[in-house]
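Novice: Below is the structure I would like to discuss, written out as C-alpha cells.
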Amino acid sequence: MSGPYLHGHHASVLRSHSWRTVENSCPHLLPYLNNPSLKVLDVGCGPGTITVDLASRVPQGFVLGIDPSANVIQKARKHAEEKGITNVQFEVGDIFNWKHVDGTVAGGFDVVHAHQVLQHLQDPLGAMKELKNLTKQGGIVAVRDVDYSAMNWYPDHPGMQKWQDLYLAVAKSIKSDPNIGKRLHAVAMQAGFERKDIEASVAAWTFSTPEEREFWCGLWADRTVKSDYKDRVLDSGLGTKADLEEIAETFREMEKKEDGWFAVINGQVICHNRAS
Ligand SMILES: C[S@@+](CC[C@H](N)C(=O)[O-])C[C@H]1O[C@@H](n2cnc3c(N)ncnc32)[C@H](O)[C@@H]1O
C-alpha cells in the first residue's frame, strides 16, 4: 500500500534530495559497484542525483529510476541531460504497482536500490518483498533509511525536542515508520532474506560547519513552514501554525550557533539474493 509522500516535493525538500550522491548517501553500496555493466533499479529516485551518479559508475550498464511523482521524474530527466549521462532512464512508477514498459522485469536487476523511501510507506514489508522480486539471483537489494528518534544535536534547545516529537507523531499518524532505519534488517528477514545474507550497518550525516548548518537548518526552517509537511501537521491537528513557526525559528537560531552540531543516523542494509 502506498500513501501520499509526507514531505511532498517543495523546493525546500528537493534542496535536500538534490545534494545527495552515491558517496554521501550510499557508502554501503560502493563496494558492489565495481562491475561497469551492472543493471540497477533506483526505487523512489526523487530528483535523481543519486540515480545519475549511479549511472556514471556503471558506464557499460544501465540504471532505471522510478518515482510516483511525475513532477520529480521530469526534474530527474533534466538533471541527467545536464550531466550528459545517457545510460539512465526515468519512469513514473510506484513500487507496489509497477511494470516496466518492456513488460515485467521481475528478477531483472543486479542491484535494486531504495534510499530514504521505506520510512514513507505504510507497507514497508510489502515494498521489501517487491524489491527482492525485482533482483536477479546473485544480485543485491540495497536499502537505507534514517532513524528519526536517533537523530541528535548540540546544543540543547527546547524547540529541537519539539521538532522531533512533532515529526515522529505526524509520521506515525499516517502509519509510516520514521524509525525504520534501525529495523531494515528485520524487515529484510521477514521478506525472505536469511540473516546470514544481510549486511546491516549504520552511517551518519553530520552537519556542523557553517555551510553544513546553513544547508541543514535552512532547509528544515523552510520545509517546516512551506512544504506539504506543514499541511500534514495542521490537518492532523497535532500542531498549530504557531508551533511550526516556533520550530522554524529554532532552526534559524541553531544555524547561527557556532558550536552547532547535528547527527542524522541512517540504518543501511545490503541483502544478497542467493539462489534458493
Ligand atoms: C525522501 S525521498 C528520497 C528520494 C531519493 N531516493 C533520494 O534519496 O534523494 C522519497 C521518495 O520516495 C517516493 N515514493 C513514495 N512512495 C513511493 C512508492 N510507493 N514507490 C516508489 N517511490 C515512492 C517519493 O515520491 C519520494 O520522491
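Novice: In the set Thr224, Thr240, which member is open to solvent by less than 10 Å² (accessible area, probe 1.4 Å) and of a type outside the set (Phe, Trp, Tyr)? It would help to see each step written out before you state the result.
Specialist: Values: Thr240 fails: open to solvent by less than 10 Å² (accessible area, probe 1.4 Å).
Of the residues listed, the single one that is open to solvent by less than 10 Å² (accessible area, probe 1.4 Å) and of a type outside the set (Phe, Trp, Tyr) is Thr224.
Novice: Which pairs do you get when a residue that is closer than 16 Å to Arg144 by Cβ and in contact (Cβ under 8 Å) with a residue 24 or more places away in the chain, found in segment 161-188, comes within reach of a residue that is in a helix (DSSP H, G or I) and of a type in the set (Lys, Arg), reach meaning Cβ atoms under 9 angstrom, with the pair 6+ apart or on two chains?
Specialist: Asp177/Arg183; Pro178/Lys172; His185/Arg195; Ala188/Lys132; Ala188/Arg195
Novice: Okay, next question. What number goes with the only condition from (1) outside any loop (DSSP other than H, G, I, E, B); (2) out of contact with any strand residue (DSSP E or B) (no Cβ under 7 Å at 6 or more places or on another chain); (3) near the ligand (Cβ under 10 Å from one of its atoms) that Arg15 does not pass?
Specialist: Arg15 satisfies every listed condition except (3).
Novice: Quick one: which helices (runs of 4 or more DSSP H) lie wholly within segment 179-276 and hold at least 1 residues that are acidic (Asp, Glu)?
Specialist: Result: 210-226, 228-236, 241-256.
Novice: Which ones in segment 50-103 are under 19 Å from Val22 (Cβ atoms) and in a loop (DSSP other than H, G, I, E, B)?
Specialist: Passing the criteria: Val58, Pro59, Gln60, Gly61, Gly84, Ile85, Thr86, Asn87.
Novice: Which of the residues that make up segment 252-276 are of a type in the set (Gly, Ala, Ser) and open to solvent by less than 30 Å² (accessible area, probe 1.4 Å)?
Specialist: Filtering segment 252-276 down to residues of a type in the set (Gly, Ala, Ser) leaves 260, 263, 267, 275-276.
Across segment 252-276, the qualifying residues are Gly260, Ala263, Gly267.
Novice: Now, a different point. Within segment 160-183, can one find any residue that is among the aromatic types (Phe, Trp, Tyr) and surrounded by fewer than 19 Cβ atoms within 10 Å (Cβ to Cβ)? Full working, then the answer.
Specialist: We begin by selecting, within segment 160-183, every residue among the aromatic types (Phe, Trp, Tyr); these are 163, 167.
Restricting the remaining residues to those that are surrounded by fewer than 19 Cβ atoms within 10 Å (Cβ to Cβ) gives none.
No, there is no match, as no residue in segment 160-183 is among the aromatic types (Phe, Trp, Tyr) and surrounded by fewer than 19 Cβ atoms within 10 Å (Cβ to Cβ).
Novice: On to the next question. Could you list, in sequence order, the residues of segment 128-157 that are open to solvent by 40 Å² or more (accessible area, probe 1.4 Å) and outside any helix (DSSP H, G or I)?
Specialist: Correct list: Lys136, Gln137, Gly138, Asn152, Tyr154, Asp156.
Novice: Out of all the residues in segment 219-256, which are within 14 Å of Arg15 (Cβ to Cβ), touching a residue at least 40 places away in the same chain (Cβ under 8 Å) and of a type in the set (Gly, Ala, Ser)?
Specialist: Correct list: Ser227 only.
Novice: Regarding Glu249, is this residue open to solvent by 70 Å² or more (accessible area, probe 1.4 Å), modelled with pLDDT of 95 or more and either among the basic types (Lys, Arg) or under 23 Å from Lys172 (Cα atoms) (or both)? Reasoning before the result, please.
Specialist: Details: open to solvent by 70 Å² or more (accessible area, probe 1.4 Å): yes; modelled with pLDDT of 95 or more: yes; either among the basic types (Lys, Arg) or under 23 Å from Lys172 (Cα atoms) (or both): no.
Here the answer is no, as Glu249 does not meet what is asked.
Novice: Away from the ligand (no atom under 14 Å from the Cβ) and over 20 Å from Thr135 (Cα atoms) - does that describe any residue in segment 40-55?
Specialist: Looking for residues that are away from the ligand (no atom under 14 Å from the Cβ) and over 20 Å from Thr135 (Cα atoms), one finds none in segment 40-55, hence no.
Novice: Going by what's in this entry, would Asn152 be described as over 30 Å from Asn34 (Cβ atoms) and polar (S, T, N, Q)?
Specialist: Numbers: over 30 Å from Asn34 (Cβ atoms): yes; polar (S, T, N, Q): yes.
When the stated conditions are applied, Asn152 passes them.
The values are calculated or read from the model by the stated rules, or taken from the named source; none is laboratory data. Please read these numbers as outputs of a predicted model, since none were measured by experiment. Please note: Cβ atoms are built from the backbone with ideal geometry, for glycine as well, and neighbour counts cover all protein chains shown. Side chains are part of the model used for accessible areas, which takes the heavy atoms of the whole protein and leaves out ligands, DNA and RNA. Shrake-Rupley method; radii C 1.70, N 1.55, O 1.52, S 1.80 Å.
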